[in-house]
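Written below as structure tokens is the structure these notes are about.
The values are calculated or read from the model by the stated rules, or taken from the named source; none is laboratory data. As the structure is a computational prediction, the values presented were derived from the model and not from experiment. Cβ: placed from backbone, ideal geometry, glycine included. Neighbour counts: every protein chain shown.
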């Protein structure tokens, strides 16, 4: 992918530091963003949890590196070889209006229920993942945004208990299931705000034995074979997973670790969640036959 955002003939984003090596740029971006994220953990940006608020966070995190920080992208982007694309540029403004209108509709105001908060958080985070309003830096920006939103309504995300790979895969899988699996991944890490220090967001999430591709494959298999069972994996430490539907009594076997050599399962597209919206030109394909190359070369981010 080459565009006005990139140095000619490369996939390296134009940057204020003049770096043309992708690995050097990635290291600089990680260092700058981590420093700025720690600042925001101590002094959050005042805002109304609208797009202007998200833009301000993005500018604070990456404005030292990119001139276009905080601006809506004008090129197509994809999350990797998953067979999906983010919303096309023409659809981004309308989708942003829809998502932030819902976020500010009052759904979070009276969230005394842990489960209600988890479900809404996962749905909105999945939506913003599909919209992907900025060329780069969306994951870090959304992490700060939703951390601040959670704390504003009495909850907190214990980032030290989350797996980067599981969250990243689940965020993108929300394109298919509307955020159900993302809620499963986030649920154990959502706690009362008094139980989680504000600096948690600036710490490193815990490691995991499963990679992003392994989680993606496992989520497809899980969605096809046991959609009523909460998604879990062998290296995750948490109590017995709850059922999505209380009335379901059938106990399905726990998910086993995915072996690296297993082939990607075909996705049963007849079971799409109603969240899937062809009217904004989402594209879904079997990534084994029609790969979509990532718009960024680095691995998953949280």
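Take residue 147 and decide whether it is touching a strand residue (DSSP E or B) at 6+ places or on another chain (Cβ under 6 Å), modelled with pLDDT of 95 or more, in a helix (DSSP H, G or I) and under 27 Å from residue 68 (Cα atoms). Break it down stepwise before answering.
On the way: touching a strand residue (DSSP E or B) at 6+ places or on another chain (Cβ under 6 Å): yes; modelled with pLDDT of 95 or more: yes; in a helix (DSSP H, G or I): yes; under 27 Å from residue 68 (Cα atoms): yes.
The answer is yes for residue 147.
In the set (1) closer than 28 Å to residue 15 by Cα; (2) under 12 Å from the mean Cα position of the chain (by Cα), the condition left unmet by residue 136 is number (2).
Note on segment 5-53: residues that are in a loop (DSSP other than H, G, I, E, B) and either closer than 24 Å to residue 128 by Cβ or touching a helix residue (DSSP H, G or I) at 6+ places or on another chain (Cβ under 7 Å) (or both) amount to 14.
From 106, 70, which residue is farther than 20 Å from residue 170 by Cβ and modelled with pLDDT of 90 or more? Can you show your working first?
Numbers: 106 fails: modelled with pLDDT of 90 or more.
Every option except 70 fails the conditions.
One residue stands out among those in segment 154-170 that are assigned to a helix (DSSP H, G or I) and closer than 20 Å to residue 37 by Cα: the one that is modelled with the lowest pLDDT, which is 164.
Scanning segment 48-89 for residues that are surrounded by fewer than 17 Cβ atoms within 10 Å (Cβ to Cβ) and over 23 Å from residue 11 (Cβ atoms) turns up 48, 50, 52. For residue 90, the conditions (1) modelled with pLDDT of 95 or more; (2) under 20 Å from residue 33 (Cβ atoms) are fulfilled apart from (2).
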